[in-house]
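FYI, it's all coordinate maths here, none of it is from the lab. The model shown is predicted, which means the values in this text are computed figures rather than measured ones. For neighbour counting, all protein chains shown are included, and Cβ atoms are generated from backbone atoms with ideal geometry for every residue, glycine included.
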Amino acid sequence: MKSPILQAIDLKKTFSIRKTWNKVQSFEALKGISFSIEKKKTLGLVGESGCGKSTLARILVGIVEPTSGEVLIDGKSVQSMDSSEYRKKIQMIFQDPYASINPRKNAGTIISEPLVINSTLSKQEIRDRCLSIMSEVGLRPEFYQRYAHMFSGGQRQRIGIARALMMNPSIMICDEPVSALDVSIQAQVLNLLMKIQDEHELSYLFISHDLSVVRHIADDVIVMYLGEIVEKGTRQQVFYETKHPYTKALLESTPHIRPSEVSSKRKLIRGEVVGHVSVQGCSFQSRCPLVVDRCKTEKPELRQADSGHFFSCHVVQ
Amino acid sequence: MKPLLEVQNLSVQFDTLRGKLPAVQQLSFSVTEGEVLGIVGESGSGKSVANLALMGLLPKSSHVSADTLRFQDFDLLRLSSKQRRSVRGGLISMIFQDPMSSLNPCYRVGSQIEESINIHQPEVDSSHRRQHVEQLLQAVGIVDVERVYRSYPHELSGGMCQRVMIAMAIACNPKLIIADEPTTALDVTIQAQILELLAKLNREKKMSMILVTHDIGVVVEHADRIMVMYAGQAVETGKVDEVISHPQHPYTQALLHALPGYHSEREHRTPLPSLAGLVPDLIHRPQGCLLSPRCPFVQDRCKSEEPSIEIVSGRVCRCFYPLGSSGDPS
């Protein structure tokens with residue numbers, strides 16, 4: 001039995017939103033998320049905006065506290081770890097390479113900072129490590145002194161990756177790492193992520209709204225809708241033996257690149273994501289093409305289709 | 001048949017502190033009636049600038065020149081500002097990338113749509129105008145017309161705002177719609193709905209469309225012809241199927257190969273072939289072909305001489321050594 005390196009157990013997060021006249025409304029961003037990632041594997045996470053992808057990422061690295069539930073790394077709860085130990089295990093790459101880098105610091109300082117805070121190495125040792133990581137991610141040594149505005153989007157993302165690698169983590173959370181990049185640069189960064197994964201034996205949680213990227217890089221896939229997992233399984237199961245109507249809709253909505261694959265009779269789903277309201281029954285009911293009465297009263301639980309393939313739907317068998 | 005829009009050798013230059021920046025160079029294309037032309041390219045390739053030039057929306061620091069810039073019988077370069085206002089919004093209209101910031105946050109969306117009818121068809125009285133707007137909102141697939149009519153942009157979702165933008169664009173039955181990245185800010189399921197709506201308008205009202213996007217998949221599904229731009233130049237133009245299945249220009253090929261979705265199941269987790277380096281600095285341009293520093297098939301001639309546009313069997317390609325059907329230079 002393979003032991004997972006990262007486990008999330010029934011994570012819940014409720015935000016309270018202060019409305020007019022200080023009325024407080026609560027909003028459930030995550031409604032009980034459980035999954036695990038195995039060593040050296042990539043778990044892809046897809047979903048539309050507002051489904052809780054980024055909240056989940058932030059909980060895993062400890063930026064946001066979960067309302068309930070637990071995160072385990074190597075079987076050990078992160079709450080029992082001190083922050084330095086925690087950071088050495090798990091690091092994050094952010095979506096927007098323009099906003100996630102301090103414009104007033106040079107690249108060397110940015111990349112070195114995790115070690116300055118979390119280690120007792122000397123300045124020279126940190127600098128050496130920084131330069132070796134920089135060359136590994138394709139940044140030239142002379143970039144050490146440069147500031148963020150002197151870099152292109154792709155290079156900034158490389159700085160973000162270098163910064164995350166400095167702690168030599170075993171898990172990396174990649175929150176839409178290539179969404180802000182142009183196609184050719186996106187390919188370069190994806191290649192880099194795959195390369196360092198092999199060299200450093202990393203496990204990834206790879207968050208993206210682009211299904212083709214996830215299909216290319218992931219081993220297992222989770223599909224989220226409004227704070228819930230609606231389908232999870234291996235890449236093969238989720239993309240080719242799709243069960244949940246939402247996953248099907250996502251796959252059908254994605255434009256195909258090969259003209260031969262373009263089908264004229266695609267089924268589009270109606271409506272849009274309805275957030276901020278708690279509904280009885282299935283959260284996908286307002287847009288689902290297969291909706292029946294039972295969906296409106298009873299919440300579907302995650303059911304197993306094949307080994308390791310789970311989905312939550314009353315209708316699909 | 002005479003094309004609806006004809007552009008020949010359009011060039012746009014900006015004055016910058018560092019010198020003259022040629023954002024668009026010798027761009028030629030045409031759009032016939034009822035046709036959808038897809039323009040793809042990475043950021044900075046000049047696709048938006050070219051379209052803003054057509055609309056006359058560029059700032060004063062720009063210099064637009066062209067041999068021909070003709071729409072129907074209008075010469076778009078020599079319009080008076082009064083004529084231009086009647087063309088813009090009346091005959092050609094534009095849909096912008098970010099629907100949330102393109103609408104005026106201070107006015108109800110209903111009156112924003114009415115405004116363009118007010119300007120272009122002043123003879124319509126206010127009750128008919130209101131009726132027309134409600135019909136438009138229905139036409140773009142909005143169900144609760146009454147509520148949306150009275151809403152402010154912040155009360156609507158991104159997809160709804162984009163529908164409102166489209167309603168505004170088609171309010172005066174334009175002949176040509178320029179959609180500049182109309183779905184980039186939207187989720188995939190909403191993107192599919194909006195693209196389907198645009199396709200329907202194109203089919204039913206015979207509106208021609210220029211669909212500007214960085215997503216090749218969108219062009220493959222919705223355009224008749226494709227123009228690929230790189231560093232301000234059109235590098236390849238042709239029918240979508242032909243260009244996608246047999247790209248002649250190395251850049252088009254590289255763009256396709258860099259897409260994870262282009263690769264088959266067997267290539268899971270293999271490195272994606274990608275062009276080395278970055279888009280050139282347009283102020284200090286490389287000599288010869290603009291792609292030559294990055295091109296995998298580069299030859300000596302490419303580094304000294306700039307290729308011009310060659311037309312081979314209806315396809316336009318800017319390359320000395322166009323790729324054959326095997327994907328290698330012939």
**Pair A:Glu70, B:Gln287: separation of 7 Å Cα→Cβ label points (nm)** = 6.9 nm
**Asked** On a 0 to 90 degree scale, rounded to 10, what angle separates helix B:109-120 from the longest Cα axis of chain B?
**Response** 80 degrees
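Give the average over all directions of the projected area of the C-alpha convex hull of chain B, one decimal, in nm². Mind dumping the intermediate values first?
Details: hull surface 75.7 nm².
Computed as one quarter of the Cα hull surface, the answer is 18.9 nm².
Work out the P(r) tail for the stretch B:1-110: percent of alpha carbon pairs separated by more than 18 Å, whole number. Can you show the working numbers first?
Values: 3373 of 5995 pairs.
I get 56 percent for the Cα pairs in the stretch B:1-110 exceeding 18 Å.
So if I place +1 on the C-beta of Lys and Arg and -1 on the C-beta of Asp and Glu, and nothing else carries charge, what would the dipole magnitude of the stretch A:1-90 be about its Cα centre? I want it in debye, nearest 20. Walk me through the intermediate numbers first.
Values: 16 positive and 9 negative charges, 42 e Å.
It comes to approximately 200 debye.
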**Request:** Can you tell me the FRET efficiency between A:Lys195 and B:Glu305 if r is taken as the Cβ-Cβ distance and R0 is 45 Å, rounded to the nearest 0.05?
**Result:** 0.75
**Asked** What span do the alpha-carbon atoms of chain A cover on each of the three principal axes, reported in whole Å from largest to smallest?
**Response** 67, 51, 51
**Complete:** Computed over the stretch B:125-239, the Cα gyration tensor eigenvalues, each multiplied by 5 and square-rooted, give semi-axes in Å (largest first) of 29, 16, 12
**Asked** log10 I(q)/I(0), Debye, Cα-only the stretch A:91-237, no solvent, q = 0.12, 0.16, 0.17 Å⁻¹?
**Response** -0.51, -0.86, -0.95
**Message:** Could you compute the net charge surrounding B:Ser245? Neighbours are other residues with a C-beta less than 11 Å from the C-beta of B:Ser245; K and R count +1, D and E count -1.
**Reply:** 0
**Request:** Kindly count the pairs of lysines across chain B whose alpha carbons are less than 16 Å apart, treating pairs on different chains or eight or more residues apart as eligible.
**Result:** 6
**Complete:** In nm, the gap between the two label points placed 7 Å beyond Cα toward Cβ at A:Ser3 and B:Asp328 is 5.2 nm
**Prompt:** What is the P(r) of the stretch B:1-42, as percent of Cα-Cα pairs per 10 Å bin from 0?
**Reply:** 23, 40, 26, 10, 1
**Item:** Relative contact order for the stretch B:1-152, counting Cα pairs under 8 Å that sit 6 or more residues apart, in percent
**Value:** 20 percent
**Item:** Cα pair distances in the stretch A:59-166, grouped into 5 Å bins until the bin that holds the longest one, percent each
**Value:** 2, 12, 21, 20, 17, 13, 8, 5, 1, 0
**Request:** For the stretch A:18-53, state which trypsin sites (Lys or Arg not before Pro) are in a DSSP loop and have at most 10 other beta carbons lying within 10 Å of their beta carbon.
**Result:** A:Lys19, A:Lys23
**Item:** Compactness of the stretch B:59-136, expressed as Rg and Dmax over alpha-carbon positions, Å
**Value:** 15.5, 45
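For the stretch B:148-189, take N as its residue count and report Rg(C-alpha) divided by 2.2 N^0.38 Å.
On the way: Rg = 11.4 Å, N = 42, 2.2 N^0.38 = 9.1 Å.
So the stretch B:148-189 has a normalised radius of gyration of 1.26.
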**Fill in**
Here the averaged projected area of the protein assembly as shown, based on the convex hull of its alpha-carbon atoms and given in nm², is 32.4 nm²
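Please find the FRET efficiency linking B:Gln135 to B:Lys20, where r is the Cβ-Cβ separation and R0 is fixed at 45 Å, and quote it to the nearest 0.05. Working shown, then result.
Working: r = 48 Å, r/R0 = 1.06.
E(calc), rounded to 0.05, equals 0.40.
How high is the FRET efficiency from A:Glu113 to A:Gln304, r the C-beta distance, R0 35 Å, rounded to 0.05?
Details: r = 44 Å, r/R0 = 1.27.
Taking R0 as 35 Å, the efficiency between A:Glu113 and A:Gln304 is 0.20.
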**Asked** Which distance in nm do the two modelled labels at B:Asn118 and B:Ser313 give, with both placed 7 Å along the Cα-to-Cβ direction?
**Response** 5.6 nm
**Prompt:** About the Cα centre of chain B, what is the dipole size in debye to 20, counting +1 per Lys and Arg Cβ and -1 per Asp and Glu Cβ, all else neutral?
**Reply:** 680 debye
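Only Lys, Arg, Asp and Glu count, each charged at its Cβ (+1, +1, -1, -1), so figure out the dipole size of the protein assembly as shown about its Cα centre, rounded to 20 debye.
Values: 74 positive and 70 negative charges, 193 e Å.
In debye, rounded to 20, the protein assembly as shown gives about 920.
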